[in-house]
Each structure stands twice: as C-alpha cells, then as structure tokens.
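A.B. asks: Take this structure, written in structure tokens, and hold onto it; I'll ask about it next.
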Amino acid sequence: YPIHGPVHVTTPRGKFTSEIYDISLNGALLLRAVDSELVVGETIDVELAMSGAPEMVARAKVAHLRGDRIGVEFQDMGTKDFDAFSGMMLMLAQQARPSWTSG
C-alpha cells in the first residue's frame, strides 16, 4: 500500500529519520538518507507512526538498496507492535477497497 510519512531507523551505527513510500505485510520501501550507512542483509529497527494509528516498531532486514530507496523485510515485532501493525494494514486495506454505489 502506498503511504507517506516519517519513519525512524536505528542501525548498528546510529539513528536517522527517513520517509516511507509503501508498506506490505512483509516489508516496506523507505527513502535512503544520504548519510545512512546500510548494508544489505543487516538487521535494523524501523519505527513508524501513522496518523490515527499507534506507533509500531519492527525489527527488519535490509533486503535491497537501489538508488535512493531501501527495501526492508520485516523479521520480528512484539505483540503490541504487531497489534498496531495489523490495525494499520486493515485501515490501509479498507482505504484501498473500491467504493461501489448503486445507480
């Protein structure tokens, strides 16, 4: 699902703020900050708070680095974070569903 908003990333070398472009059940596509030093395969923490949804933190693996984009694959999240993530995905799915009217 396409979404836009800030995301905070914690790596073994520090933290930076990025932007999220889309999200799925398995991962997300983020903007790659100019000064971020990421390595494909490394584990990072991704912290996301969408308007109207609780904040969530997910452990993720850097799946790919392409230009100014970071592809991450979600690996693990706590129960509270998973509940927040599930609610967010349900909200995005409902927004993406076409609205049919009779007429």
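The values are calculated or read from the model by the stated rules, or taken from the named source; none is laboratory data. Here the structure is a predicted model, which means the values were calculated and not measured. Heavy atoms of the whole protein, side chains included, go into the accessibility calculation; ligands, DNA and RNA do not. Shrake-Rupley method; radii C 1.70, N 1.55, O 1.52, S 1.80 Å.
A.B. asks: For the chain, what does the relative contact order come out to in percent, with C-alpha contacts under 8 Å and a separation of six or more?
C.D. replies: 23
A.B. asks: Per the 1.4 Å probe, what fraction of the accessible area of the chain, in percent, lies on carbon and sulfur atoms?
C.D. replies: 52
A.B. asks: Accessible area per residue for the chain in Å², computed with a 1.4 Å probe and the full protein assembly in place, what is it?
C.D. replies: 62
A.B. asks: With 5 Å bins from zero, work out the P(r) of region 1-76 over every alpha carbon pair and list the percent per bin.
C.D. replies: 4, 17, 33, 30, 12, 4, 0
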